[in-house]
Amino acid sequence: MIATPVACATFTKADAVSWIGAPLGAVRKSDEAARSPDGRPRLSTCMCFPNGFDLATAEHPPERGLYVTLMAMPDIGAARERFDDMTTGVPGTPAFDRTLVRGIGEEAVLERVKLQPSGSQMVRLKFRHGDVAGSVQVWAKARDAAAVARTVAAHIVSRLR
């Protein structure tokens with residue numbers, strides 16, 4: 001069994017700035033109350049965006065940013081099921097360019113989309129490691145968002161024990 005994951009405990013703001021390659025504002029987190037029978041938090045998120053950007057009220061995607069989600073599941077089977085749900089397209093939503101990724105957790109998929117008209121990239125790397133399902137979303141203009149997402153996800157998975 002993997003220790004309870006807390007997204008913001010897996011990296012620092014300095015890490016995020018280094019990965020994104022540009023200034024970011026304050027780190028914001030959300031750790032959902034326990035829902036699983038063993039009392040572990042089920043959902044933990046951590047995000048960094050430029051100063052003044054609020055994902056909840058924004059009318060457009062950010063120029064750059066990082067959003068990490070970790071979901072502690074009761075067991076490996078539940079994590080596999082959640083990962084499958086995360087990587088299945090939702091009818092009526094735009095299709096993403098999906099690529100299987102090896103070497104990050106037991107399973108990982110990379111999704112890419114080019115954001116118009118800004119020209120920024122948004123990449124989401126979804127992974128499963130033991131009884132944890134998670135995702136790393138990266139918005140970047142100057143850097144290869146897919147490479148950043150791989151680096152971040154590998155770093156985060158290395159912190160899950």
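The values are calculated or read from the model by the stated rules, or taken from the named source; none is laboratory data. Worth saying up front: this structure is predicted, and the values here are computed from it rather than measured. With ideal geometry, Cβ positions are generated from the backbone for all residues, glycine too; neighbour counts draw on all protein chains shown. These area figures cover heavy atoms from the full protein model, side chains too; ligands, DNA and RNA do not enter into them. Shrake-Rupley method; radii C 1.70, N 1.55, O 1.52, S 1.80 Å.
The single residue among G103, G77, G65 that is at pLDDT 85 or above and either crowded, with 18+ Cβ neighbours inside 10 Å or in contact with a His (Cβ under 7 Å, 6 or more places away or on another chain) (or both) turns out to be G65. Within region 101-152, being in contact (Cβ under 8 Å) with a residue 40 or more places away in the chain, assigned to a strand (DSSP E or B) and of a type in the set (D, E, K, R) holds for K126, R128. Here K114 meets the list (1) open to solvent by 60 Å² or more (accessible area, probe 1.4 Å); (2) under 18 Å from Q137 (Cα atoms); (3) modelled with pLDDT of 90 or more almost entirely, failing just condition (3).
Among residues of region 35-48 that are of a type in the set (V, I, T), those with a Cβ under 6 angstrom from a residue that is open to solvent by less than 10 Å² (accessible area, probe 1.4 Å) and at pLDDT 75 or above, sequence gap 6+ or separate chain, pair up as T45/A7.
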